[in-house]
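Worksheet: one structure, shown below.
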Amino acid sequence: MEKPFRLHILLSPPEGGVKHASIIRCDQVKSVSVQRFSEKWGEVKASTMQDVDYISRRILGL
């Protein structure tokens, strides 16, 4: 049996511009209008985005 993989990534301040510890929930893909993004808060590290990409691909079977 394959070892379970994590679905969430912990995001700690100040990464991504968050003020409090937050979670990226890769298993909760949602469609969001670009008009909801009025200002940029910050950016996540490249390694965080690589983790998001890896987990998302596993979930979607890609």
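The values are calculated or read from the model by the stated rules, or taken from the named source; none is laboratory data. Since the model is a prediction, treat every value here as computed from it, not as a measurement. Here Cβ is always computed from backbone atoms with ideal geometry, including for glycine, and neighbour counts include all displayed protein chains.
Side notes on the structure shown:
- Within region 34-55, residues that are more than 14 Å from ILE23 (Cα to Cα) have Cβ atoms under 7 Å from residues that are modelled with pLDDT of 95 or more and aliphatic (A, V, I, L, M) in no pair, counting only partners at least 6 apart in sequence or on another chain.
- Within region 3-62, being surrounded by fewer than 10 Cβ atoms within 10 Å (Cβ to Cβ), of a type outside the set (Lys, Arg) and assigned to a helix (DSSP H, G or I) holds for VAL34, GLN35, ALA46, SER47, LEU60.
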